[in-house]
Amino acid sequence: AIGGNALQVATGSSQVAVGASALAAVTTGISNVAVGTNAGDNISTGDNNTCLGRGAKPGAVALSNTTQLGHNAVCAISDSAQIGDAAVKKIGIGTFSIWITAGVPAVAAALSGDLGIDQTGGKAYVNTGGGAANWRIITSA
């Protein structure tokens, strides 16, 4: 452990904590990794969690097999991953992106093949030619 109050009460094994208060509450949890101030600071009995970024942590003390990447990223359930907090609006994978919007996507920087998720309307879109004007709703066949 590196950092003030990092891994201060752990009895579990195979823990890695880097940053002030990282994994500060771990008691019997095993194989947790936390890098960043307050990363994983709420885990007590959860196992196999990875928390990278300030405040990245599972949403409950006993969740297991979660991966949180980025500032204040929080997983709500075990066996899940979260990239960033609620402010994140785009996730890129290579040259492909997923855009999260409130309403029909109108992202000028979008490329053909990108996906858009309207979080308020509950619809999914695909961009068919790049730019803001080429978003098409995905419908079932």
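The values are calculated or read from the model by the stated rules, or taken from the named source; none is laboratory data. These figures come from a predicted structure and were not determined experimentally. Here the Cβ is made from the backbone with ideal geometry for all residues, glycine too, and neighbour counts use every protein chain on show. What goes into the accessible areas is simple: the full protein's heavy atoms, side chains included, and nothing from ligands, DNA or RNA. Shrake-Rupley method; radii C 1.70, N 1.55, O 1.52, S 1.80 Å.
Picking from Ala62, Ala34, Ala6, Ala39, which residue would you name as being more than 20 Å from Asp79 (Cβ to Cβ) and without any contact (Cβ under 8 Å) to a residue 60 or more places away in the chain? Testing whether each residue is more than 20 Å from Asp79 (Cβ to Cβ) and without any contact (Cβ under 8 Å) to a residue 60 or more places away in the chain leaves just Ala6.
Checking Trp99, Trp135 one by one, the residue that is touching a Leu at 6+ places or on another chain (Cβ under 9 Å), without any contact (Cβ under 8 Å) to a residue 40 or more places away in the chain and at negative phi is Trp99 and no other. Under the condition of being in a loop (DSSP other than H, G, I, E, B) and of a type in the set (D, E, K, R), which residue from the range 9-65 is most open to solvent (accessible area, probe 1.4 Å)? Only one residue fits best here, namely Arg54. Applying the condition of being part of a strand (DSSP E or B) and among the small types (Gly, Ala, Ser) to the range 114-141 and asking which residue is surrounded by the fewest Cβ atoms within 10 Å (Cβ to Cβ) yields Ala124. Would you check which residues across the range 67-94 are of a type outside the set (A, V, I, L, M), assigned to a loop (DSSP other than H, G, I, E, B) and in contact (Cβ under 8 Å) with a residue 12 or more places away in the chain and list them? Passing the criteria: Gly70, His71, Asn72, Ser78, Asp79, Gly84, Asp85, Lys89.
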